Amino acid sequence: MKPSAEDIAPPQKLYDTVFFCTYFANVFMLTSFSLLFRFADFVESLGGDEWHLGWIVGLGTVGAIIFRLVQGAAIDRFGAIVVWVLSLAGLIVSILLHVGVTNVNGWEVYAIRFLMNLCVAGVFGSWLSFVTLRVPEYKVAEVIGVVGSSGFVGMAMGPVIGDWIFGTGLDLDVQVDQMFYIAAGLIGASMLCAVAAGIGEARHPHTDNHMGQSRSSRPHPPGMRQLLQKYHPGFLLVVAIVMGLTISLPGTFLRPFAQQQGVENIKLFFLVYNIVAFVSRLTFRRAPEYLGIRNTILLGLFFMALSMLLYLAVDSAGSLLYPAVAGGLAHSFLFPSVVAGGTAFFPRENRGLATSLILAMYDTGQLIGAPLVGISLTSARYLELPDYPLTFMIVCVLILLSGLTLWLMYGRGDGSSLRRRSASVKPA
């Protein structure tokens, strides 16, 4: 569908000062987030194992899902910048609260992880809404891809900092505390960039993001139930769940898996993963426009399934490169396509709610996936079966089944049925 003249944004609207403030805010945010890929070391310092790790991470995701239910309406009502900055402030508090936890079985560790995930949800949902509201619909996947490449920069840097912290030879408790302090400081830097982006946007407001309206004059957004009754992304919600399960898996379980394989440092995996994802995200940023949303998602699912199989070949630090390359390619194709495809079913003025819905499904994948992976690992050990290989095979089959279903539901060829359904949505 050819964009109308009024939908075409001038170049500076895409890549201006506000864009770069947003970009670096996400770099700092994801550096902090990926530094916490060492969360398994925190659980270990409390006397826990993968069983505890899976349940803490999984149940903590409930906070993200709950916040998604109100976040979209808050973004559409008060503006993405307000939600973004407040979420970053709450994230600093939640990260620092981990320092006082002493019991892996106490309610405190679950409550703090709940709060942290709630704030992370607020950050991701608000910055995504912020950047997508600044561009016409046909540019959404591209701008998500370009700004999202900042996340790959951050996720490459975080594990390097983590390996440095945990390679100092200090007591594990001291190393864990240092991890949380540095992570909180990085979020502080992210918050400064977010504030700068908000100031820049306020100086050059756009008519479609409520920046120039008073709070009382903004239309009251409908609730999630009302929107879902009228607009529905269909099976893309299931794909978003599978995406959440698979993309979050390395960040939670790669550390204990690598230890089992005799690999102490995980920075090589995340460096390669994020370099590949960064380069491919920029190189193929217009893939959804040329290949279609459905085919781009299928390509991402293929590489994600391949990465699960390649984990079976890991026996050294060097062999971590195989799943890292496949996983990076999968991430670069999947995330912007699923978000853009899902939000395209909704009117533009409800983009905040639509983005929150897709991200809620992503969080649901982590909610379901982390405990199930922990249960799978412990059950396999109890039955004297290969723990990680069996788990990777199960996840691979799940990915392939979701890809097959998506292919069958949205037709063959270029996936034009998916484009027609999203293009048919008009503002209410």
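Laboratory data are not the source of any read-out in this text; all were calculated from the coordinates shown. Quick caveat, the model's predicted, so the values are computed rather than measured. Because the Cβ atoms are built from the backbone with ideal geometry, glycine has one as well, and the counts that use them run over all protein chains shown.
Some observations on this one:
- Phi to ³J(HN,Hα) by Karplus 6.51 cos²θ - 1.76 cosθ + 1.60 over segment 260-266, Hz, x for Gly, Pro: 4, 8, x, 10, 8, 9, 10
- Each peptide in 259-265, 88-94, 311-317 was scored by the mean count of other Cβ atoms within 10 Å over its residues; highest first, the order is 88-94, 311-317, 259-265.
- Phi-based couplings in Hz for segment 309-322 (Karplus 6.51, -1.76, 1.60; Gly and Pro marked x): 5, 6, 4, 5, 8, 6, 9, 7, 4, x, 6, 5, 5, 5
- Each other residue within a Cβ distance under 12 Å of VAL43 adds +1 if Lys or Arg and -1 if Asp or Glu, for a net charge of -1.
- Fewest-first ranking of VAL338, VAL57, using other Cβ atoms within 10 Å as the exposure measure: VAL57, VAL338
- Relative protection proxy for 323-331, 102-110, from highest mean packing down: 323-331, 102-110 (other beta-carbon atoms within 10 angstrom).
- Segment 230-387: Cα Rg divided by the 2.2 N^0.38 Å rule of thumb: 1.12
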